[in-house]
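The values are calculated or read from the model by the stated rules, or taken from the named source; none is laboratory data. Values in this document were obtained by computation on a predicted structure and should not be read as measured data. Using ideal geometry, Cβ is built from the backbone for each residue, glycine included, and neighbour counts are taken over all protein chains shown.
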Amino acid sequence: MTATATPDTRPPLTRRPGVLLGVGAAVAAVVGAQFWLFGTAEDTPAAAVSGYFRAAIDEDCPRAFDLLTDPVRGSYGTVERLCERAKADTMVSFQVGDTVTTPEGAKVTVTLVRPNLTLVDAVTMVQVDGKWKIASFEVLSSDRGHGQP
Amino acid sequence: MGFLRPRRARVLVAALLSLVLVGLGLPGFAAAVAPAFVQKASARAIAASKAVSLPGNVTTGNRIVVQVGVWSSGNATAKTVKDAANNTYTKLTAVTASDGTELSVWSAPVVNGGGTKPAITVTATAKADLGIAVAEYSGLSQVADATVVDQKSQATGTSTVAGVVTSGPTPVTTGDGLALGFYTDSGFGKTLAAGAGFTERVNVSPTSDMEFVLEDRPVGIGEQPSAGVSTGAGVPWSVATIVFKAAQGGGNGPTAPGSPTSVTAQAGNASATVNWTVPPNGGSPITSLTVTPYANGTAQTPIVISGAVATLAVPNLTNGTSYTFTVAATNTIGTSAPSAQSNAVTPTASPQGQWAPAMNWPFVAVHMVALNNGKYLLWDGWHQPEPTYLWDPATNNFTTIMAPDSIFCAANAHLPDGRVLVVGGYGVVSTGELGIKDTTIFDPTSNTWSRAADMHYPRWYPSVTELPDGRYVTISGNTSDAYTWAEHPEVYDPANNTWTVLSNVNTSQIHEVEYPFAYLAPNGKVFTMGPSEDVSYWLDVNNQTWTPVGASGVINGSSTMYRPGKILYSGGSTTVSDGAPAMANTSVIDLTAPTAAWRQTAPMKTARDFHTLTTMADGKVLAVGGAPSSDQSKLNTNILATEIWDPATEQWSTGASMSVPRQYHQTALLMADGRVLVAGGGHHISATVPGQFSAEIYSPPYLFNGARPTITAAPASTAYAQTIAVATPDAADISAVNLVSMGANTHQSDMDQRFVPLQFTKGVGKLDVQTPAGATLAPPGDYMLFVLNSAGVPSVAKTVRILPSISAPSAPSAVAAVAGNASATVTWSAPGDGGNAITGYTVTPYIGATPQTPVAVTGTTAQVTGLTNSTAYTFRVTATNAIGTSAASTPSNSVTPSATPIPGYVQQVTGRGPGAERAVTTPSAVQVGDRLVVQVGVWNTVGSRATGVRDSAGNVYTKVSSIVGTDNTEQSVWTAPITSGGGQKLTVTASVSSSADVGVGVVEYSGLSLATGLGAVDSVLSNKGTTAVASSGQTTASTDNNHLAVGFYVDSGFSRNLTPGAGFTQRLNSSPAGDMEMLIEDQLAVLGARPNATVNTVANTPWMVTTVVFKHA
């Protein structure tokens, strides 16, 4: 017996792909322009977060790996594993938001845009040898949980 | 009435005799009585003087304590306190707040006016707003002046935020006594409450005039109590703590115990279970407790139980009658006052079980895995990497351990050796696909996570199921996004750390948006259920076939395999998340039938989605929580009543209601004591949306049917088709023996759920139990073994490991040696017994590589004598059972016996968490004659400080040092010689002045001085800073050889990788952590040495380091 999907309980594989691509491209253009206009080396928490996701999208894996501290590096294990996951990622764009300083360092919000899934993360930043690096990620909001159309 | 006269005469004679004997100082009649609260009164007035009377007659020999608050615009103060019986009041303290309010405390021994109610008059220097609290206490010193005070402290301030204000700790107490806390403010409409550890006696709040609190708690020698009161923001306040000496010479000897506290009762069938907190023992071990039932307020025959136990099942009660209970504690000195009455309970013939009060947890327990050491591994979600939490029910402590990756909505199950296998997780938190390929393993013996081989496919929401041969199959799970799935199962082989894809099987029929259910059936195949599609399949891993079975009539429900091959499936809704109504449908399937087919049975009493199903110790199934629809966002669903499904009748019945609604992301597991732990719920789209930060424990009805049977011994491990002896004094009354898996639950799916009834025969004092015939019934691993009596009451389970086959034992581990005089004490951890009981151990000393004469013992410790002083030895240990002898252990640490004892490290434990107390339990039994050193780190925004350290055996701790860092974190060091509790694991508890982040590190050493107080300390030096290398600085010169310099480091958690300083040996290291980080290290100190403990941290980390040089024995 083969089960078939029930239309009213299963989400479509894509929803308005043309619109999505358009929105994605526009957001990417804005983010790119911001980065070009305001981007610097990773001398601020926000710049380090931006640098990480830019490097991941660009599949510049050593650079992305270098912006992580040991605990979160362990998520990937090796540069090659991070690279494998970055290549498989469908992220369209990202946008860095507010920075809040904390006793340990800083927290930076970042919005990650993927087809059918937008997340807002809080990225915990610490200074290692004077450079801002990522200690952990936490999802602050997502536009869908599991199984939500 | 004439017959009473001789009795009166006898009583009179006895009383006179007692007085004479007391006068002679005979201890048997002059036993000390612990201080106890008797009565209280309060008053408030705007006047120059105010009189107050206690409600009952005062008693000669007691003591009256008067708290006076005074405020006027002219700064009036309390001038006198007198009473109508002419007792003499002494002013013990006074403190004035910034708004001019004066708090003063006065006290008098009741010398005159016993048996009357003398008016107590407070007079101020002028007309003022007066607030007066009066309390009478028994058991306090009768001195007439201020020498009744052992220690005191006081403080005043203005609160900036709502919270607890304190007097600050008193100096160290010199004996047993009673700490009274006094709080006063001039009336700001704040609701006051007594601080942690104190019992509130008077509370006049909220008012717009004088507000005040009087509270107390017993104290022992060496404590530093700090009274706290919860108040509001913007309040000028004053708090004082005064420690009154106990009677009997100021408390310089043992007294009767304090009264038990927190006495609660749970109703059963003609019975009740009473629990309480064992009080401080007054310096002498508690020998018995007396539980007194009250039937409708009338005292019944007390029950006396030996030892310092904390629970009692009270039998022979009358159903339908309301009962309360009191508990009193007795030691060799005397008996405490009875506790406060418990809650009232009414035993009934058919109790529905009972929920304990909800416990606040610092996270939402989306995943819950029971460990074979009695602890629970739990985690929430939405983090990379994911913090996981180790919860110890014995101490209610959490230890945070960072997982390698985001393991949110991964699959979880136990490996045969007790480790926890976690498969997949959530990859889009930062960079990656929706699923991840990770395999992670948690080891409960080391409390560490490690990565294993990656899967071939990323998976989010997969299942994982143990196969008969100890391999694991994972099925389904999202891969790149929510619309793609891993279509081919994979098999993990732990022995080779490899994943193998079942490429000939395609599971596209179960594209689940939740976890599929997958159960190992007695035929060796994996029965797989696709909840969303309502389909089920046989997966034959060995032959790589995938065969349909049929529909159940239940969609997106919850399931459990309640007997081998028999599955219960119930509830659910037509969708997973968009709010479709819940259903009550219930179906079962018997996979052992020639043609397995689903069969619908009686529906649940309440339609519910996202509920948990837990097979309990008696084989009935508990349904907990759930939602009325599939809207995952709803927290308060009001489905609080539980349901219990009876396999014999296939009917649901309603059970007790929990206090906290739980639905999506809730978890539940059967505990080894037969209760059910339930937690979590919420956090459906992030860690910031609402969630249930709590847990509750359910006591099923079977715990209210009388006394529990006990298992006194069971083999630690066995194999298939064996007969094992299970020792129980209740053998004649045993009706069932059940094997239940440990459990690994998430999202209504316990992937490690299994219930196997075992055959048995009754013997004298034992049962001969037949283990499962094969691995398809119970794959290898750890199980809870319950015995049930004829009333259906289960025992507390023993953990039994089912091994594939019987073999010689494994090699012992953790071999440690401590040098003595021409001797050494060697300890080790018992290894796996290979499925056959270990009959003995052989300990072989080595000088270099040369073995010496071995020693044979039966326990896990050996005293090896006849060694040569000044010669270095190591030790190896082998274990023997009926099959053979293990390989030798790895060598112990090297020790050199000496006529002068050389201090030696024995064991350590550390714990951290929020609260006013933090308790840790030593992993092994301690030894009398050793010494415990305790490090306490405290941080909160209002400068909380450590106020005391105690342990479960009543050893007396002395504060050695305290230093406060630049970020207001405090490190203090405490120590106690172990004089009691030998042979037991000790629970060491640190108290702090207000709820804070508290870290506790404990190390046991041998060979140190047993001098009391600071007599064991040769020198001590503390320092603070923020440099990359933390250092205490050099101590003064050591006064002898073989002293031990111990270095203590604390910071408030900056994820630093701490390492010990050069020349020091690390004993404890809790770094890196996002919270309190601690390190303890040591080195031997020779005569004239000036040790300087250093720890390598990272610059800009606020740290504290203390070096304490302890004297050798």
Exercise for the section: Might you let me know whether region B:767-774 holds any residue that is surrounded by fewer than 22 Cβ atoms within 10 Å (Cβ to Cβ), outside the structural domain of B:A617 (by TED's automatic domain parsing) and in contact (Cβ under 8 Å) with a residue 60 or more places away in the chain? Expected result: yes
Problem - Options B:A822, B:A727; residue that is surrounded by fewer than 20 Cβ atoms within 10 Å (Cβ to Cβ), touching a Pro at 6+ places or on another chain (Cβ under 7 Å) and not basic (K, R) - result: B:A822
Practice task
Return only the number of the condition from (1) surrounded by 16 or more Cβ atoms within 10 Å (Cβ to Cβ); (2) more than 10 Å from chain B (Cβ to nearest Cβ); (3) not in a helix (DSSP H, G or I) that A:F137 does not satisfy.
Solution key: (2)
Completion exercise
Every listed condition ((1) crowded, with 20+ Cβ neighbours inside 10 Å; (2) touching a helix residue (DSSP H, G or I) at 6+ places or on another chain (Cβ under 8 Å); (3) modelled with pLDDT under 90) holds for B:L92 save (3)
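What residue, among those in region B:424-449 that are aliphatic (A, V, I, L, M) and closer than 21 Å to B:T400 by Cα, is nearest to the other protein chains (Cβ to nearest Cβ)?
B:V429
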Exercise for the section: From the list B:T637, B:T654, B:T649, pick out the single residue that is more than 15 Å from B:M616 (Cα to Cα) and free of Cβ contacts under 8 Å to residues at least 12 places away in the same chain. Expected result: B:T649
Problem - Members of region B:690-712 that are at pLDDT 90 or above and assigned to a loop (DSSP other than H, G, I, E, B) - result: B:P690, B:Q692, B:F693, B:P700, B:R708, B:P709, B:T710, B:I711, B:T712
Problem - Flag for B:A32 being surrounded by 20 or more Cβ atoms within 10 Å (Cβ to Cβ), at pLDDT below 90 and over 26 Å from B:S167 (Cα atoms) - result: yes
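Return a yes/no flag: does region B:450-466 have any residue that is over 21 Å from B:A672 (Cα atoms), acidic (D, E) and more than 9 Å from chain A (Cβ to nearest Cβ).
Let us first name the residues in region B:450-466 that are over 21 Å from B:A672 (Cα atoms), namely B:450-466.
Filter once more, so that each one left must be acidic (D, E): B:454, B:466.
Going one step further and asking which of them are more than 9 Å from chain A (Cβ to nearest Cβ), we end up with B:466.
Looking through region B:450-466, at least one residue is over 21 Å from B:A672 (Cα atoms), acidic (D, E) and more than 9 Å from chain A (Cβ to nearest Cβ).
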Practice task
From the list B:V769, B:V756, B:V737, B:V764, pick out the single residue that is among the hydrophobic types (A, V, I, L, M, F, W, C), modelled with pLDDT of 95 or more and assigned to a loop (DSSP other than H, G, I, E, B).
Solution key: B:V764
Practice task
Look at region B:511-536 and say how many of its residues are part of a loop (DSSP other than H, G, I, E, B) and within 14 Å of chain A (Cβ to nearest Cβ).
Solution key: 10
Practice task
Starting from residues that are facing chain B (nearest Cβ under 10 Å) and more than 26 Å from B:S480 (Cβ to Cβ), keep the ones in region A:65-108 and report whichever is surrounded by the fewest Cβ atoms within 10 Å (Cβ to Cβ).
Solution key: A:P103
Handout entry: Residues of region B:306-331 classified as at pLDDT 95 or above and surrounded by fewer than 16 Cβ atoms within 10 Å (Cβ to Cβ), total
Key = 0
Completion exercise
Of the residues in region B:654-689 that are not in a loop (DSSP other than H, G, I, E, B) and not hydrophobic (A, V, I, L, M, F, W, C), the one that is farthest from B:A394 (Cα to Cα) is B:T654
Practice task
Go through region B:421-498 and tell me which strands (runs of 3 or more DSSP E), entirely inside it, have 3 or more residues that are farther than 22 Å from B:V541 by Cβ.
Solution key: B:439-443, B:448-452
Handout entry: Among (1) at the interface with chain A (Cβ under 9 Å from one of its Cβ atoms); (2) at pLDDT 95 or above, the one test that B:L421 misses
Key = (1)
Exercise for the section: Collect the residues in region B:605-653 that are touching an Asp or Glu at 6+ places or on another chain (Cβ under 6 Å), in a loop (DSSP other than H, G, I, E, B) and not small (G, A, S), keeping them in residue-number order. Expected result: B:K605, B:K620
Practice task
Return a yes/no flag: does region B:422-435 have any residue that is farther than 18 Å from A:F137 by Cβ and surrounded by fewer than 19 Cβ atoms within 10 Å (Cβ to Cβ).
Solution key: no
Completion exercise
Counting only residues in region B:467-493 that are β-branched (V, I, T) and away from chain A (no Cβ under 14 Å), the one nearest to B:W546 (Cα to Cα) is identified as B:I475
Fill in the blank from the handout: Of those in region B:382-401 that are within 14 Å of another protein chain (Cβ to nearest Cβ) and within 15 Å of B:G913 (Cα to Cα), the residue surrounded by the fewest Cβ atoms within 10 Å (Cβ to Cβ) is B:I401
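If you check B:A144, B:A196, B:A179, which single one turns out to be surrounded by 24 or more Cβ atoms within 10 Å (Cβ to Cβ) and hydrophobic (A, V, I, L, M, F, W, C)?
Exactly one of B:A144, B:A196, B:A179 is surrounded by 24 or more Cβ atoms within 10 Å (Cβ to Cβ) and hydrophobic (A, V, I, L, M, F, W, C), namely B:A179.
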Handout entry: Sole residue being of a type in the set (V, I, T) and part of a strand (DSSP E or B), chosen from A:V120, A:V72
Key = A:V120
